[in-house]
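Throughout, read-outs are computed from the coordinates displayed, never taken from laboratory work. All values reported here derive from a predicted model rather than from experimental measurement. Reconstructed Cβ throughout: ideal geometry from the backbone, glycine too, with neighbour counts over all protein chains shown.
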């Protein structure tokens, strides 16, 4: 006898939690499609040679290699032929380069699949997790206008997920680079190190950061440090304030001017799409991956749960697939790490176990009446109502209890008495209402109740 | 520069094919839920020790093993710790045994995920493919009535998939075993060998099969062979005929009697659920996995494409998880191998590339008018209409051509002229109709057209 168990670092859910998770996946997918993104799925296994184009990436990414029984037996030294994807960006790059001539550009795709990382086992860290990505990929060029659509998608997704008030925070890497260069921090590595120090503002205080940055390791001028510290604390609370912050940056160098112009255009179009001003903001401290993103960058945070960190991030990049094609493929995209988000929301008590996918339980009082119950269930199903039938009778009370525990909303009883009178008894477990519907009008009655529920 | 390519034996689709595939997945899921099955997802990786409970299974199943970079470096001899699932049945057994005390029985679950097999690379053979399974698992016992629900689910799925006329074929392993035992073929291995010979009836003819089975290797009596050959050719064409075939089997031994009784009950309940008589049939030649299934067995075939073989198969089994728990867990279930089915349907020209998920393309004539286009798109999206906006203007003709190629049904034009008159021009590319809608009634106009389309 072998102990049944999953490997460490994976999230496996009981059915009612799986339903809640699936509803989040569906909501994200529906909204991605609403904005015209097309579905793509790629194989979980990629050729190692294709997946691991950068030396060192293999260790960094803690890649899982895959070998069939046969390959394992023959295994020499060297890298196994296959590996599991560690994100959806590299497979996207490979996909777009491979199918370049069959795709229309700008290419808008969404992809929602699991990815794999050999992380150290730790609470809240997953070795298998869902990423839900969208990207728009241009050929040769891609207007900054596309950057403005992304916050609208984020807004639609998180509004419908209804997990609380959130803010979409925007910055621009060019603006940031220009600003730092003007303060004598031109080297990208140095910028990264300065940003890391500035990140400690909240924990260590302004004096500590000022001392560090003017001190030996950095040697920045005191007024440059003050300017940087003021800069990274900029947050807007309205559209007009965001624009005013951009205006206040003045003329500066070319990178700064470009970044300001891009961010301004993005903000104006975001407003044109009808996003409420309270739901987006400038935040000059957001950097994301310094070596990857080159323009607009996004983070999204839950206002009441800042400790959760960014729940949806991304940005604009210069060239998607330089390892695979000579074509220049600039893009902009975001990713939602849903497994981790779901786990965090559960920890914070923000998602519960949902109602069942089953709408109606048809009870059984007498095995001889089963054909009638089955016919009733067939009608309900034909009416678009998800229906389970009790196939082996137990006490009626037990059947009601089962429906209640399973999160099934309606229980239908078609006993001898009901059959004789041509009615069905229906109990709505959500509010406890019990009523009779004529046998022929039963489906409409349940449909009407369900429609009411949605309208609430 | 690395050549972008997928590993052999995987199916990767372009977006419009992916949409067609996704719609099939959605249809299957919707119908599984309609019958009260609950979603389950399991990790793609299982502990090898848990996954490979039977000796020899590893080679048979051509398992893929998984090792992280770290594990690979340390790898000694022995079996790697992790492996990819090769079906959804073993993970189900592990899941039910692991979560036994948190599940309600009979446990009805559906699972639609990819599985992995290190098959020899070959046209139409896949190393990664979707399985879409349902199972009902009982604790200690499970009424044969559940076996009757399965054909109803199959019927709902394939009716809605609309890939042509199909027949759900039923048999019962007990009935089959009983029949063979009465003809002196009691040994299960011998039964299997006899069935393999009988399978050659179509190709080699009755004389060949009769000679083989009465000959040296088998030594069966001539009348037994005739009875067997008649038996495996039984097909019913109506409910009454199916019942008559069961009656004609007479009294026989206990296994035969039990099998007949079970099949009779299944057929009666299948009829009670409203399945058309033409869509299900007895077929005494169906055996499925002889060592796994113990009662009802199912196969489903497309009437006009018999060469595709069974598109949905399964049956009743005695005990799901004997390797993991002492509880007896009988079950009944089916599986649809969707990747292979999709491939076959495409080869047969039965699925085309579908319409896009995008319903409306909002064109652009002038960059200055983009805010108005974006506002229009926001309204369409709020009305549940999937909408793409042209963000960078090109010639209008080119934008129409793009929509046509992409399979987008509606094109919306909001030019200077339209804006001045407070209207939007809409072209329905499905029938070529072009009409104007008042700006305020635009969403309703598109919704009405879409609803018409569905009603057809």
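General remarks:
- DSSP bridge pairs, chain A: antiparallel proportion in percent, nearest 5: 80
- Average beta-carbon neighbours from other chains, 10 Å sphere, peptide B:373-383: 4
- Euclidean distance of C-alpha centroids, the stretch A:378-416 and the stretch B:417-439, integer Å: 49
- Order of B:426, B:228 under a 10 Å beta carbon neighbour criterion, fewest first: B:426, B:228
- Three-way shape call for the stretch B:66-138 based on the alpha-carbon gyration tensor, with the a/c threshold at 1.5: oblate
- Calculated FRET value between residue B:420 and residue A:216, using beta carbons and R₀ = 60 Å, to 0.05: 0.35
- Rounded to the nearest 0.05, the FRET efficiency derived from the C-beta distance between residue B:230 and residue B:159 at R0 = 22 Å is 0.10.
- When chain B is reduced to its Cα atoms, the Kirkwood hydrodynamic radius in Å: 25.9
- Label geometry 7 Å along the beta-carbon vector: residue B:264 inter-copy distances in nm: 8.7
- Stretch gain in nm, segment residue A:353-residue A:14, where the contour uses 0.36 nm per residue and the Cα spacing is subtracted: 121.1 nm
- Calculated label separations, residue B:233, copies of the chain, 7 Å along the beta-carbon direction, nm: 9.3
- Calculated FRET value between residue A:368 and residue B:436, using beta carbons and R₀ = 51 Å, to 0.05: 0.25
- Taken over the protein assembly as shown, the convex hull of the Cα atoms encloses 195 Å³ per residue.
- Remark: the Cα gyration tensor places the stretch B:360-451 in the rounded category, a/c being less than 1.5.
- A:208, A:305, B:146 arranged by Cβ crowding within 10 Å, fewest neighbours leading: A:208, A:305, B:146
- Pair residue A:268, residue A:26: separation of 7 Å Cα→Cβ label points (nm): 4.1
- The ranking of A:350, A:84, A:414, A:338 from fewest to most other beta carbons within 10 Å of each one's beta carbon is A:350, A:338, A:414, A:84.
- Here is how far apart the residue B:405 label points are across copies: 5.8 nm, shortest first, using a point 7 Å from Cα toward Cβ.
- Inter-chain Cβ neighbour count for A:26-37, averaged per residue, equals 5 (cutoff 10 Å, partner chain atoms only).
- Calculated [222 nm] ellipticity per residue, helices only, for chain A: -12500 deg cm²/dmol; basis is -39500 (n - 2.57) per DSSP H run with n ≥ 4, divided by all residues, nearest 500.
- In plain terms, the bigger the Kirkwood radius, the slower the diffusion; for the stretch B:138-318, with that radius from Cα pairs, at 20 °C and 1.002 mPa s, Stokes-Einstein puts D at 127 µm²/s.
- Here the stretch A:157-177 is scanned for amide nitrogen atoms under 19 Å from the site 7 Å beyond the Cα of residue A:237 along Cα-to-Cβ, giving A:165-170.
- Gain on full stretching of the segment that runs from residue B:448 to residue B:326 - 0.36 nm per residue minus C-alpha separation: 38.1 nm
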